[in-house]
Amino acid sequence: MAIEAREPPSQFVAKLRRALGGRAGWSGFALQILFVAFLLWIGYEVVANARANLAAQRVASGFGFLNNTAGFGVSQTLIPYSESDTYTRVFLVGLANTLLVAVVGIFFATILGFLVGLGRLSPNWLLAKIAGGYVELIRNLPLLFQILFWYLAVLGSLPNPRQSVSVLDAVFLSNRGLVIPKPIPHDGLAAFALAIVIAIIAAFALRSYARKALFDSGRVVRVWPWALGLIIGLPVIAMVIFGKPVTFEMPELKGFNFAGGSRVVPEFVALTLALSTYTAAFIAEIVRAGIQSVHKGQMEAGASLGLTRGSTLRLIVVPQALRVILPPLTNQYLNLTKNSSLAVAIGYPDLFSVFAGTTLSQTGQAIEIIAITMGVYLLISLITSAIMSFYGWRIGRSMGA
Amino acid sequence: MKHTTLALTVALATGLAATAASAQTLKTVKDRGMLSCGVSQGLPGFSSPDDKGAWAGLDVDVCRAIAAAVFNDPSKVKFVPLSAKDRFTALQSGEIDVLSRNTTWTLSRDTSLGVNFTGVTYYDGQGFLVRKSLKVNSALELNSASICVQTGTTNEQNVADYFKGNNMKYEVIAFGTADETVKAYESGRCDVFTSDVSQLYAERLKVANPADHAVLPEVISKEPLGPLVRHGDDQWLDVVKWTLFALVNAEELGITQKNVDEMAKSDKPELKRVFGTDGNLGETLGLTKDWVSRIVKATGNYGEVFDRNVGPGSKLGIARGLNQLWNKGGIQYAPPIR
């Protein structure tokens, strides 16, 4: 009698079982389903009860309010906005302001953080101590206090518009913010912009040619004078042929404030300064830790190849350190974005201030508005995380890790 | 402040689910032995802690009058300081029993927030505070001005309406609390601080040189301020409403903190009804027969409350104006106790 091999269990079922049930097998899976069902039931009860009771007390609910007219002014709007627009528009205005602070803040925090972090490791005693002092001072003071410090103590002590500090009667600095001439587009703008784009592309092409020359024949080709010439020269030629790309509208003092020109409001400056200096202190520590995690033999190897300290850092140490730096750096970016909601203390019209603040108190629909706001912050954070993960994956791949 | 909003919203979402449907506020308050009253975070004359840390002001006295009517003890009040934007959520979620926080009565608040206004304790209007050095004499000269305002108030919309209606440009900077708003105005960030006129006088006391600042003559809106309760509990609404009416009626009848015991012995039919020596009007409210004398003993009548907190007897020194009794040229008027 032939012994028949037992039918092996289907691969698919085994995989599914492992994925869903883990070690406990199907009974564990059933428990998980029960637990999820229980959570869903609780969620449903909370929503249904809240709805019923809101209706019983005749508190307005639902999302219809988003189409109502807002009827209040906002001091900084990146997209066109007037008092007769809807609450949806207010939401978008607030969101744009939040994103602006987050992006500009992250940009400056990263640069400052890397400089301070490298400064702490510098062999120069004074530089290292100054960088260390900066980190210890800034990260040990509450952020809200720092925002108020920049806003009230630093920017608040600037002169009023009538006595503002001016440069060539074109740029004015006062306690109402920084006023600069406003560019008005003209016919030559398209050609001008196109010239810049072409120049940048050409500069990149030159760079890759220089690299190829370096790797293939060991020749060092100096490209930066050519690139500079292209980037300045092409637009100038375009300007001569097609006319002025922009003219400037000069600000002038009229009544209480400046009329004409563009203005950077002090709330934005104070918030960005506070957020980026504060976050930079944390980034500096992350950068220092990341670099110290790279074995010092790498530094010595670079030196023995005849590279300067700067080149060794840039070409050898930092790329390896980045793998360690990126995850905590992402955390800091997320913190900065979330901390921007402290803007309400100094009247910067961010999402939290105009939507979860003014709109909430005017419509009274706390549950809907807080839910939307939380959802948006979550979404911004998840997108930031995804971008940073992608970057980390690319670095890992390029280093063969 | 951020966290307050969030906490209150969570309380609202979950709390509404459980408790709010049983709307027996008077019983809840009696069982707790304490009235929970929402007030401002510090507005001199209306609700602010005095130098000994005890809350004082017109809005505070309203809370004390309610506590006196319920417990015969004006000290049985827990004061909950709230920012303008957190105040309604606190009331909706049941965190407080009554909101007495210089709040303007408007149609949209009355209908869509799930609250009921109980009456008007102060007839106010919105005005502008400016530096005298600007040499501005009228609000119509404020074209292109920067304006500081507290967020979550009717003031924010009024100022938009006013400037649009008069074809003037403006820049509005909205802050979370009154203190932050005043500080920004003081630092020169704004040319103008706008709020209810009573509040302008109160906040002017906080700036470095009050004499350098002036309130412009224009009053651009109607701001009737009064306490609020939650929808759906008519008995509690009556208690708060009639406490206010009792204060005004007491002034009209000449009952004061000093003479209340003497007046209670009067034979006048009207006074007998008020003091409960004839009939049981107080008990129909769910209170006691002597509810009016309890209230007046605790806080005095409306006129006394006004004088002590915002009127000539206080630092603010605001004239009675519209808040005078109806038979003396104002519009304060209460239905009769009978």
*For the peptides B:39-52, A:111-124, A:378-391, what is the packing order when you average, over each peptide's residues, the other Cβ atoms within 10 Å and list the highest mean first?*
B:39-52, A:111-124, A:378-391
_GNM result for chain B, Cα springs below 10 Å: residue of B:T284, B:T177, B:T104 fluctuating most strongly_ = B:T284
*Go from 0 up to the bin containing the longest alpha carbon distance in chain B, width 20 Å each, and give me the % of pairs per bin.*
31, 55, 14, 0
*To the nearest 20 debye, what is the magnitude of the charge dipole of segment B:126-221 about its Cα centre, counting +1 on the Cβ of each Lys and Arg and -1 on the Cβ of each Asp and Glu?*
220
*Counted charge near A:R219, where neighbours are those whose Cβ lies closer than 14 Å (Asp, Glu -1; Lys, Arg +1)*: +2
*So for segment B:282-326, what are the equivalent ellipsoid semi-axes in whole Å, largest first, each being the square root of 5 times an eigenvalue of the Cα gyration tensor?*
28, 12, 6
*Over what distance in Å are the Cα centres of segment A:68-111 and segment A:33-54 separated?*
34
*Net charge contributed by nearby residues that have their C-beta within less than 11 Å of B:L225 (K/R +1, D/E -1)*: -2
*For chain A, what percent of Cα pairs sit more than 29 Å apart?*
67
*Enumerate the lysines that A:K254 could reach by cross-link, defined here as Cα to Cα under 20 Å, with residues fewer than 8 away along the same chain left out.*
A:K182, B:K132, B:K135, B:K164, B:K169
*asked:* Out of all Cα-Cα pairs in segment B:126-221, roughly what percent, to the nearest whole number, are more than 20 Å apart?
replied: 24
*Using a Förster distance of 56 Å, how high is the FRET efficiency between A:V220 and A:Y44, based on the Cβ-Cβ distance and rounded to 0.05?*
0.20
*Return an integer: the convex hull volume of the alpha-carbon atoms of the protein assembly as shown, in Å³ per residue.*
260
*Tally Lys and Arg at +1 and Asp and Glu at -1 over the other residues with C-beta under 15 Å from the C-beta of B:A56: what net charge comes out?*
-1
*Mind jotting down the three principal axis lengths of segment B:218-307 based on Cα atoms? Whole angstrom, largest first.*
47, 35, 21
*Can you give the % of DSSP beta bridges in the protein assembly as shown that are antiparallel, to the nearest 5?*
70
*Of B:K272/B:K297; B:K265/B:K289; B:K265/B:K297; B:K27/B:K265, which pairs sit farther than 19 Å apart, going by alpha carbon to alpha carbon?*
B:K27/B:K265
*Any aspartates and glutamates with Cα under 13 Å of the B:K85 Cα? List them, leaving off those in the same chain fewer than 8 positions away.*
B:E156
_Nothing charged except the Cβ atoms of Lys and Arg (+1) and of Asp and Glu (-1): what's the magnitude of the dipole of chain B about its Cα centre? Round to the nearest 20 debye._
200
_Volume in Å³ per residue [convex hull over Cα atoms, computed for segment A:143-214]_ = 207
_Computed helical MRE - 222 nm, the protein assembly as shown, DSSP H runs ≥ 4 contributing -39500 (n - 2.57), nearest 500_ = -16500 deg cm²/dmol
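Just so you know, all these numbers are worked out from the coordinates, no wet-lab data involved. From a predicted model like this one, the values you see are computed outputs, not experimental measurements. For neighbour counting, all protein chains shown are included, and Cβ atoms are generated from backbone atoms with ideal geometry for every residue, glycine included.
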